[in-house]
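The values are calculated or read from the model by the stated rules, or taken from the named source; none is laboratory data. All of these numbers come straight from a predicted model, not from anything done at the bench. Positions of Cβ are backbone-derived with ideal geometry, glycine not excepted, and every protein chain shown enters the neighbour counts. Side chains are part of the model used for accessible areas, which takes the heavy atoms of the whole protein and leaves out ligands, DNA and RNA. Shrake-Rupley method; radii C 1.70, N 1.55, O 1.52, S 1.80 Å.
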Amino acid sequence: MIENRQTWSSRLTYILAVAGATIGFGATWRFPYLVGQNGGGAYVLIFCIAMIVIGIPMILAENAIGRRLHINSVDAFGGYANGKKINPLWKVIGWMGICGAFGIMAYYMVIGGWVLDYIYNIIIGGFELSQPINATTTAKFYDENIINSPLAISIATAIFVLINYIILAKGAVDGIEKAAKYLMPLLFILMLAMVARNITLEGAIDGIKFYLTPDFSKISMRLFIDVLGQVFFALSLGFGVMITLSSFLRKDEDLIKTSIITGVINTIIAVVAGFMIFPSLFTFGISPDSGPSLVFKSLPIVFSNMFAGQIIAIAFFGLLMIAALTTSLPIYEVIITVLEEKFKIKRHNAIAIVLATIFIIGNIPSLMATNILSDITIFGKNIFDAYDAISATIFFVLTSLFCALFVGWVLKGEARAEIMHGTKSSKRVVDIWFYYVKFIIPFIILIVFISSFYDNFLR
């Protein structure tokens, strides 16, 4: 346990920080395109169920691990439990989380660069949206300015990384907490404004029906794999974020309440994000199943057909930028805290090492994956997609699986005692959660992991 360690100033600031960490591109970019690819309402329904039966219990498990020793996400798997020293091999779980955090940041920051590039070009008139445009125009812009423009995206990504550096330099809690206090309310305001504009469009009802009406014929193992992956991605499970953020929580905080609030807020934000997109797609006859490029190729067509489309587009991509920033900060913090506490590296040096290493080894190869390094493939995927697939399919899922096993089979009574600190919930509720995490969740995660691994790497 680290003495004199910073703590969150209040439950609200912690929840805002966690909400920022868990919303990001997961809700505003990844969730909408997965909904579109999986037929709409069926995916939304299964996602909401999965958030309750998998997401919230796993948030609580990682919170218990994190707050237990008030230490970084690797050493959190050490110490003593039930009077016995924990086998050091369990710390491998923490290192797996670090690998997952590195993998997601390798391509995540590049998407942030894309967003900055879009904002810049819309502002200077390089991407004109004041008049209606078509799919050919957006595809051409995307290819010329994103796919085949490594220098411009390198600069944009570097700017995004620099913004993160400036905030992180203010401290593990202070930087993230202050950013969340200002950025999260702004994110909510922009999101609600976008929703209000979209649901009042003439053809909005068709998009809302697609989005909310379940087509049960669309339910498949592929959908379940996508949903579980999105739950881990959306809640920042399996890459040390929850463990790291909860390590700065006071012992008198109610972990059950904060875990439920976190899961509910994230689910609401993800669902609300869909209302920013699908009503407008259907209004202007745009296909919702265009995949990861949905917000970059399809939505600009929508904006160009709206009154003040240029301003709306800037506001939307600004919203994406804020969401990306509130998520990237705590993911960086996972690795930075390990360097600070485990290797005794001064904070400013740790920040520089982490951001520079990820930029050189991760961001640069990822943004070159579709141009200069397009001939390099890993498991048949380009570098960008490989970072995504390996992180989401292997590290996130396996880390979450072993976290559940660690809580159920190693911490045992100590996990339950940690949850009981500060909560008004009954011991019976905690016991139900404990046995559910011990026996049921590992089984569910293992089945989906095997199916997902086969689908991504073996088929």
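In percent, rounded to a whole number, the relative contact order of region 1-103 is 20, using alpha-carbon pairs under 8 Å and six or more apart.
Relative contact order for region 117-212: 14 percent, from Cα pairs under 8 Å spaced at least 6 residues apart, divided by residue count.
Just want to confirm a number: the relative contact order over the chain, from Cα pairs under 8 angstrom separated by 6+ residues, in percent.
Dividing the mean separation by the residue count of the chain yields 34 percent.
Annotation for region 311-400: chymotrypsin sites (Phe, Trp or Tyr not before Pro) lying in DSSP loop with at most 12 further Cβ atoms inside 10 Å of their Cβ are F343, F379.
State the percentage of accessible surface on the chain attributable to carbon and sulfur atoms; use a 1.4 Å probe and exclude ligands, DNA and RNA. Carbon plus sulfur share of accessible area: 67 percent. What's the angle, to the nearest 10 degrees (0 to 90), between helix 347-357's Cα axis and the longest principal axis of the chain? Once rounded, the angle reads 50 degrees.
For a quick check of understanding: with a 1.4 angstrom probe and all protein chains in place, what accessible area in square angstrom does C48 have, to the nearest ten? Counting only protein heavy atoms, the figure is 40 Å². At q = 0.13, 0.14, 0.15, 0.21 Å⁻¹, what log₁₀ I(q)/I(0) does a Debye calculation on the Cα points of region 42-183 give, no solvent, two decimals? Summing over Cα pairs of region 42-183 leads to -0.91, -0.99, -1.06, -1.24. Across every direction, the projection of the convex hull enclosing the Cα atoms of the chain has a mean area of 20.6 nm².
Over what distance in Å are the Cα centres of region 146-186 and region 215-233 separated? Centre-to-centre distance over Cα atoms comes out at 31 Å.
Pairs exceeding 21 Å between alpha-carbon atoms, taken from K257/K424; K178/K344; K91/K170: K178/K344; K91/K170. Once every DSSP H run of n ≥ 4 in the chain is given -39500 (n - 2.57) and the sum is divided by its residues, what mean residue ellipticity at 222 nm do you get, rounded to the nearest 500 deg cm²/dmol? Mean residue ellipticity, 222 nm, calculated: -20500 deg cm²/dmol.
Using the scaling law 2.2 N^0.38 Å as the reference, what is the normalised Cα Rg of region 116-252?
Taking the Cα Rg and dividing by 2.2 N^0.38 Å, one obtains 1.42.
Distance from the Cα centroid of region 395-459 to that of region 1-74 is 15 Å (rounded to whole angstrom).
The Cα atoms of region 342-459 define a convex hull whose projected area, averaged across directions, is 10.9 nm². Normalising by residue count, region 238-311 has a Cα convex hull of 149 Å³ per residue. Along its three principal directions, the equivalent ellipsoid of region 28-96 from the Cα gyration tensor extends over semi-axes of 36, 13, 10 Å, largest first. Here r is the Cβ-Cβ distance between L458 and I361 and R0 is 25 Å; the resulting FRET efficiency, rounded to 0.05, is 0.40.
Region 205-342 has equivalent-ellipsoid semi-axes of 33, 20, 14 Å, by the square roots of 5 times the alpha carbon gyration tensor eigenvalues, sorted largest first. Protein heavy-atom accessible surface, 1.4 Å probe, per residue over region 38-161: 35 Å².
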